[in-house]
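*Asks:* Got a structure here, written out as structure tokens. Questions coming.
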Amino acid sequence: MKLAVRKLTFSALLTALAIIIPVVFGPFLRVTFPPFTATLGAHVPMFLAMLVGPEAAVAVGVGSLIGFMLTSTSVVAARAFMHTFVGLVGALLIKRGVSIKKVVVITAPIHAVLEALVVIPFGYKMYQSLVLVGVGTIIHHFIDAVIAFALAAAIERALRIKLVKMFEA
């Protein structure tokens with residue numbers, strides 16, 4: 001399969017997954033510490049899209065926005081849209097040769113700051129924004145990274161491939 005077709009196919013599948021997770025699994029995978037909410041697994045498509053490339057990461061971020069727009073409040077959807085930028089940064093770092101584990105660590109504070117900042121216009125106070133949303137996002141980021149690593153390892157074993165190598169030109 002040609003590289004462009006492979007990237008498009010994986011991008012479409014991961015984007016669909018980013019939409020499906022909040023729609024189908026959100027009701028019973030959502031953890032709430034008011035005003036913070038987290039849907040377990042919601043960052044997994046973002047992490048996997050980083051391996052595909054920047055275009056896939058952006059598409060998955062938009063898919064995440066769509067999924068949460070269908071199921072949640074505007075503030076949650078705005079936070080989900082931040083996956084677009086976190087995924088883009090991660091994909092660009094991977095493209096430069098940074099390992100996915102380092103990318104997860106580097107993007108965690110970026111992810112937290114973006115989500116903390118995007119809730120301020122919705123009336124969140126500084127404590128709610130920085131502590132509940134920011135710290136909650138970092139915790140959620142790392143939990144979903146572990147899930148993504150496990151899923152990627154299972155895919156690599158099942159298909160006998162290296163995901164990072166699969167999308168290189």
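*Asks:* Looking for something more than 30 Å from residue 96 (Cα to Cα) and either surrounded by fewer than 16 Cβ atoms within 10 Å (Cβ to Cβ) or of a type in the set (Lys, Arg) (or both) - is there at least one such residue anywhere in segment 37-60?
*Replies:* No, there is no match, as no residue in segment 37-60 is more than 30 Å from residue 96 (Cα to Cα) and either surrounded by fewer than 16 Cβ atoms within 10 Å (Cβ to Cβ) or of a type in the set (Lys, Arg) (or both).
*Asks:* Going by the conditions given, is residue 72 among the polar types (S, T, N, Q), touching a residue at least 12 places away in the same chain (Cβ under 8 Å) and within 21 Å of residue 9 (Cα to Cα)?
*Replies:* Considered against the rule, which asks whether it is among the polar types (S, T, N, Q), touching a residue at least 12 places away in the same chain (Cβ under 8 Å) and within 21 Å of residue 9 (Cα to Cα), residue 72 comes out as no.
*Asks:* Quick check, is residue 146 under 18 Å from residue 36 (Cβ atoms), β-branched (Val, Ile, Thr), part of a helix (DSSP H, G or I) and at pLDDT 95 or above? Give the derivation first.
*Replies:* On the way: under 18 Å from residue 36 (Cβ atoms): no; β-branched (Val, Ile, Thr): yes; part of a helix (DSSP H, G or I): yes; at pLDDT 95 or above: yes.
Here the answer is no, as residue 146 does not meet what is asked.
*Asks:* With respect to residue 110, is the statement that it is under 24 Å from residue 30 (Cβ atoms) and surrounded by fewer than 17 Cβ atoms within 10 Å (Cβ to Cβ) true?
*Replies:* Values: under 24 Å from residue 30 (Cβ atoms): yes; surrounded by fewer than 17 Cβ atoms within 10 Å (Cβ to Cβ): yes.
Answer is yes for this residue.
*Asks:* Contact list please: Cβ distance under 9 Å, first residue in segment 132-157 and more than 23 Å from residue 115 (Cα to Cα), second residue β-branched (Val, Ile, Thr) and at pLDDT 95 or above, pairs at least six apart or on different chains.
*Replies:* So the pair list comes out as 151/44.
*Asks:* Take segment 1-30 and flag every residue that is without any contact (Cβ under 8 Å) to a residue 24 or more places away in the chain, β-branched (Val, Ile, Thr) and in contact with a Ser or Thr (Cβ under 8 Å, 6 or more places away or on another chain).
*Replies:* Selection gives nothing.
*Asks:* Same structure, new question: If you take the residues of segment 89-99 that are buried (at least 20 other Cβ atoms within 10 Å of the Cβ) and of a type in the set (A, V, I, L, M, F, W, C), which of them is nearest to residue 14 (Cα to Cα)?
*Replies:* 91
*Asks:* Only one of these conditions is not met by residue 147: (1) farther than 19 Å from residue 40 by Cβ; (2) surrounded by fewer than 19 Cβ atoms within 10 Å (Cβ to Cβ). Which number is it?
*Replies:* Looking at each condition in turn, residue 147 falls short on (1).
*Asks:* Give the residues of segment 111-138 that are hydroxyl-bearing (Ser, Thr, Tyr), over 19 Å from residue 41 (Cα atoms) and part of a helix (DSSP H, G or I), sorted by residue number.
*Replies:* Result: 127, 129.
*Asks:* Across segment 71-87, which residue is surrounded by the fewest Cβ atoms within 10 Å (Cβ to Cβ) among those that are part of a helix (DSSP H, G or I) and among the small types (Gly, Ala, Ser)?
*Replies:* Among residues in segment 71-87 that are part of a helix (DSSP H, G or I) and among the small types (Gly, Ala, Ser), the one surrounded by the fewest Cβ atoms within 10 Å (Cβ to Cβ) is 74.
The values are calculated or read from the model by the stated rules, or taken from the named source; none is laboratory data. Predicted model, so just to flag it, every value in this text is computed and none were measured. Note: ideal-geometry Cβ built from the backbone for every residue, glycine included; neighbour counts use all protein chains shown.
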